[in-house]
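Here is the structure we will look at.
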Amino acid sequence: MAVADPGFDLALAKLTPERIEQVINSVLSQAVAERMKLFLKTCVHCGLCADACHTYLSRNRDPDFAPVAKVRDTLGVMLKKKGRVSPEFMKNAARVAFIECGGCRRCSMYCPFGIDIATMIMTIRRICSLLGMVPQFIQDTTNSHSATSNQMWVQPDDWIDTVMWQEEDAQLEVAGLRIPLDKEGAEVMYSVIAPEPKVMAQLIANIAVLMTVAKVDWTMPSADGWDNSNMAMFSGDLEIMGRIEREHWERALELRVGKMVMGECGHAYRGAVYDGPKWLGWQGPPLPMVHAVELYYDLLREGRIEITDKLTEPVTIQDPCNIVRGRGLHEKLRYVVHALCDNVVEMDPKFEHNYCCAAGGGIINCGAPWKMARLKSIKIKATQLKKTGASLCITPCHNCHHGVVDIIGHYHIDMRTSFLIELIVKQMKIPEGLGV
Amino acid sequence: MTERETERETGREKWNWDVGSRNVADLGKLRAAYTDVHELTVSADGERVAAPVVAEDGSFRVAVNGEVWETELEKAWHLKFTPDDRLTALVRVDDMWTVAVEGELWEQRYPFAWNTKFSADGRTIAVQIKAGMEYSLCINDKPWDRNFLSIRNYALSDDGRRAAALVQVVELVTADTETFAEGTWSVAVDSETWDEKFIGVWAPVISPDGEHVAVQTRTERFAYTIALDGAPWESRYGCVWEPGFRPRGEGLLAPVRTGASWSLAEDGEPLWKTPYVQLWYVRFSPAGERVAAVVATDFGRWTVAVDDRPWGCTFGDVVMAPVFSTDGKRVAAAVRHEGRWTVAVDGEPWSHWFDTVWDPVVGAGRGPVLAKVKNQGAYGLAVDGRVGAQRYEHLWDPTFSPDGDKVLIRGVQSGKYIRRVVLTEELG
Ligand code: SF4
Ligand code: SF4
């Protein structure tokens with residue numbers, strides 16, 4: 001049954017074949033078109049990528065869901081017909097690009113030619129975005145980024161007020177705790193994603209506890225730019241993507257911090273380190289960027305925090321695509337998890353071979369209309385999770401976290417999820433002088 | 001002029017420029033007397049150092065040179081000296097926020113107040129406020145007579161008579177992408193909104209004479225331009241960055257993106273001819289005849305262009321906003337390359353590199369270029385790239401005397417806040 005999404009259906013009514021042709025050809029300029037054609041021409045239809053894709057595997061090996069089919073039936077046709085495709089065709093292409101591929105890049109790892117399916121999918125999303133054919137909920141998130149910089153329409157006072165409130169709350173646990181706002185020259189600027197102040201404020205208190213115990217010289221900005229998330233990157237609105245990444249980095253540069261540390265989020269890492277800087281003309285992030293996993297790893301290794309309680313229940317680990325396949329943080333992640341847990345049961349496959357959660361790449365942000373499609377496309381993760389027999393899944397990424405919560409709910413798996421920071425603050429020693 | 005430059009210009013001739021060093025406040029004593037002493041703020045003339053302090057019972061006060069304001073506060077933060085050297089703080093009392101000026105609280109109280117800004121002479125103090133569930137501005141303790149669904153940022157004119165805010169004027173229900181695309185944002189000038197609505201508005205600026213307001217606007221989903229006094233330029237661009245008025249009022253400049261490259265436009269017409277990979281932070285010489293901007297001449301190759309002529313050397317990580325000397329003849333900028341910072345002056349980087357460098361201070365003539373720098377956690381004052389023997393636990397930007405012969409240094413050494421005036425020729 002077709003899913004109703006006003007983002008698609010309203011756009012469909014307005015689109016003309018002429019407009020579609022013009023937009024497709026503007027995006028698929030000669031150089032881009034040649035590159036895409038080369039990708040498609042290089043493909044020898046060996047099918048290795050299909051076996052790598054969770055949507056294909058989860059949907060009973062339906063050939064329509066094989067990576068190469070997803071781009072051949074969409075971008076391939078656009079190229080062949082030089083943009084002369086119908087509005088209905090575009091609607092289907094948008095569904096495939098936004099819902100059936102999260103750009104996890106697992107397929108490219110198995111392709112003998114490294115064909116970059118994810119880049120082609122993102123090119124389709126760009127075309128869809130220019131045509132105004134974007135799922136309503138991720139478009140709303142992009143609109144929020146446009147109007148407020150942050151992902152969830154958080155008002156400027158709500159951000160500051162929440163930080164202050166979390167600081168006061170955390171002071172009940174750790175004496176002398178601070179969340180210094182706008183501190184120039186701090187060693188670290190910490191940034192979060194907007195759902196934290198909006199619905200998961202405790203995570204801000206948690207990081208404040210960690211920073212205080214580890215004696216990190218840190219700060220958070222009070223002005224816009226505090227949110228490191230970037231759904232515009234996934235909705236194809238590259239101009240807004242660049243704008244908010246500039247603002248994010250501008251806060252860190254103005255404060256002249258030594259480095260930026262971001263919370264447990266994968267896509268935000270990708271946006272701040274790769275996609276954002278690239279669009280803005282930076283060869284990489286203008287200051288060092290450290291993911292929370294790397295921060296925890298460093299603090300543990302340097303002995304700046306001490307774990308006194310370890311979990312004994314079976315625990316498994318979700319490897320977020322953007323920080324594991326994209327950045328190789330799986331070993332550091334294991335180091336941190338093993339410091340916290342005695343009984344780690346690895347998923348099979350693991351590390352960079354682990355399956356995506358199917359929530360990332362903007363898919364979960366496409367909202368309720370697509371939830372069932374998303375969950376159908378990730379049955380393989382449910383099987384993988386069940387096999388571990390673990391009662392807790394560590395998800396060091398907001399998308400993974402919510403994606404796995406949905407999977408265990410839908411497939412009735414007896415498992416909880418946790419961010420690393422939640423375990424760290426519970427299991428870490430609060431030095432005597434800091435006790436309340 | 002930036003706020004920072006304005007601060008330096010205000011009343012400098014009246015400051016004490018006698019050469020010598022003075023311990024203004026013993027911070028150790030303050031730390032001993034209170035449970036916590038938060039971040040320090042120093043007046044432009046260097047005579048006062050202030051910080052929020054927390055007593056054992058958790059109550060806040062504001063300490064200035066070791067003496068505390070009488071009023072007990074539930075919270076105090078964002079301490080800032082006005083350009084005319086009055087100390088302001090954002091404070092919470094009885095669960096309501098307001099502004100405190102030299103210990104006196106404004107009468108107006110709000111569920112929240114933040115983002116303090118000052119006029120160039122310091123006589124006007126403004127904040128954003130939350131009033132009920134709506135938003136407005138409060139200027140010199142007097143709120144605008146209109147509230148808005150949201151205010152994202154605002155600007156004050158140099159003379160403090162005018163204020164311009166980015167305001168949401170159409171209510172949006174959850175996920176109403178259609179209404180959003182029709183335009184829900186505008187600009188309010190002295191609380192009166194422009195007739196035009198836009199998808200997006202950013203970074204308001206007011207002309208030096210206070211007569212005009214310009215913003216970046218998003219007129220369609222993928223069309224951007226600059227709007228001046230409510231009227232968008234005719235040209236549309238793929239993206240734009242913050243506009244700037246020429247100091248003498250004539251001409252509004254903004255970086256604009258066409259295709260995949262950036263250039264500089266004036267009043268909607270191309271000004272610079274070179275296409276750049278990036279162009280932002282447009283700055284004017286004090287008299288307005290020269291224009292400098294940060295540009296990327298190639299992917300990952302950053303430098304400063306003056307009047308469309310990029311410096312010969314480029315930097316890999318980042319180049320910060322260019323700073324003109326007071327006579328407009330020299331341009332300097334903090335730059336970062338391969339993980340280290342320095343200052344480049346007229347295209348020549350200093351020979352020494354640091355962990356961090358702040359924006360340079362450039363006087364007139366051939367005098368030295370100064371910058372606050374940090375290496376291995378200690379601050380120092382770099383003079384043409386060389387750091388003298390003095391190390392500081394904290395340091396603020398140095399300031400030249402009006403004739404450039406002396407430099408005011410404000411820093412913390414051995415737990416004491418020190419005000420020091422030295423002869424420029426003896427620096428370094
Ligand atoms: S979801 Fe991942 S594996 Fe599947 S096609 Fe997209 S990038 Fe490839
Ligand atoms: S693995 Fe590569 S070559 Fe094989 S079918 Fe997939 S894209 Fe084509």
Given the options B:Thr174, B:Thr98, B:Thr258, which has the most mean-square fluctuation in a GNM of chain B, springs set between C-alpha atoms less than 10 angstrom apart? B:Thr174
With charges only on Cβ, +1 for K and R and -1 for D and E, what is the dipole size of chain B about its Cα centre, in debye, rounded to 20? 1280 debye
Which ³J(HN,Hα) values, rounded to whole Hz and listed in residue order, are derived for the stretch A:329-338 from phi using the Karplus coefficients 6.51, -1.76 and 1.60 in 6.51 cos²θ - 1.76 cosθ + 1.60 with θ = phi - 60°, glycine and proline given as x? 8, 5, 5, 5, 4, 4, 4, 5, 5, 5
Which log10 I(q)/I(0) values, to two decimals, does chain A give at q = 0.10, 0.14 Å⁻¹ under the Debye formula with one point per Cα? -0.70, -1.32
Relative to the compact-globule scaling 2.2 N^0.38 Å, provide the ratio for the alpha-carbon radius of gyration of the stretch A:146-299. 0.97
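Per residue, what volume in Å³ does the Cα convex hull of the stretch A:313-436 take up?
Each residue corresponds to 123 Å³ of Cα convex hull volume.
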How big is the C-alpha Rg of the stretch A:6-134 next to the rule-of-thumb value 2.2 N^0.38 Å, as a ratio? 1.01
How high is the relative contact order of the stretch A:146-299? Use alpha-carbon pairs under 8 Å, at least six apart in sequence, and give a whole percent. 25 percent
So, relative contact order of the stretch B:88-191 in percent, Cα under 8 Å, 6 or more apart, is 16 percent
Across the residues of B:171-183, average count of Cβ atoms on other protein chains within 10 Å? 4
Mind checking how much accessible area B and A bury in total, 1.4 Å probe, in Å² rounded to 100? 4900 Å²
In the full protein assembly as shown, how much of B:Asp229 is accessible to a 1.4 Å probe, in Å² to the nearest 10? 70 Å²
What figure, in Å² to the nearest 10, do you get for the accessible area of B:Leu30 with a 1.4 Å probe and non-protein molecules left out? 20 Å²
Using a 10 Å cut-off on Cβ atoms, rank the peptides A:160-168, B:331-339 from the highest mean neighbour count down. B:331-339, A:160-168
Hey, rough spin-label estimate for A:Glu168 and B:Arg366, points 7 angstrom out along Cα→Cβ, what's it come to in nanometres? 6.0 nm
What is the mean number of Cβ atoms from other protein chains located within 10 Å of the Cβ atom of each residue in peptide A:129-136, rounded to a whole number? 2
Rounded to the nearest 10 Å², the accessible area of A:His410 at probe 1.4 Å: 70 Å²
Given only helices, namely DSSP H runs of n ≥ 4 each adding -39500 (n - 2.57), what is the per-residue ellipticity at 222 nm of chain B, to the nearest 500 deg cm²/dmol? -1000 deg cm²/dmol
Shielding of B:229-242 by other chains, given as the mean Cβ count within 10 Å, works out to 1
Per the helix-only calculation at 222 nm, which mean residue ellipticity applies to chain A, given -39500 (n - 2.57) for every DSSP H run of n ≥ 4 and division by its residues, nearest 500 deg cm²/dmol? -14000 deg cm²/dmol
Given the stretch B:348-428, what whole percent of its Cα pairs are spread farther than 21 Å? 22 percent
Relative contact order computed over chain A (Cα-Cα under 8 Å; 6+ residues apart), in percent: 17 percent
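Among A:101-108, A:281-288, B:282-289, what's the highest-first ranking by average C-beta atoms within 10 angstrom per residue?
A:101-108, A:281-288, B:282-289
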Ratio of alpha-carbon Rg to the 2.2 N^0.38 Å globular estimate for chain B, to two decimals, please. 1.04
Tilt of helix A:117-130 relative to the longest C-alpha principal axis of chain A, in degrees (0 to 90, nearest 10)? 80 degrees
Rounded to the nearest 10 degrees, the helix A:292-301 long axis (Cα) sits at an angle to the longest Cα principal axis of chain A of 40 degrees
For chain A, longest principal axis from Cα atoms; helix A:238-255 axis from its Cα atoms; angle between them, nearest 10 degrees, is 20 degrees
Most to least packed among B:119-128, A:423-432 [average Cβ atoms within 10 Å]: B:119-128, A:423-432
Backbone HN-Hα couplings from phi across the stretch B:259-264 [Karplus 6.51/-1.76/1.60, Hz, Gly and Pro as x]: x, 9, 10, 10, 8, 10
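The values are calculated or read from the model by the stated rules, or taken from the named source; none is laboratory data. Treat the numbers as computed from the prediction; the structure is a model and nothing was measured. Here Cβ is always computed from backbone atoms with ideal geometry, including for glycine, and neighbour counts include all displayed protein chains. Surface areas here come from the heavy atoms of the whole protein model, side chains and all, with no ligands, DNA or RNA. Shrake-Rupley method; radii C 1.70, N 1.55, O 1.52, S 1.80 Å.
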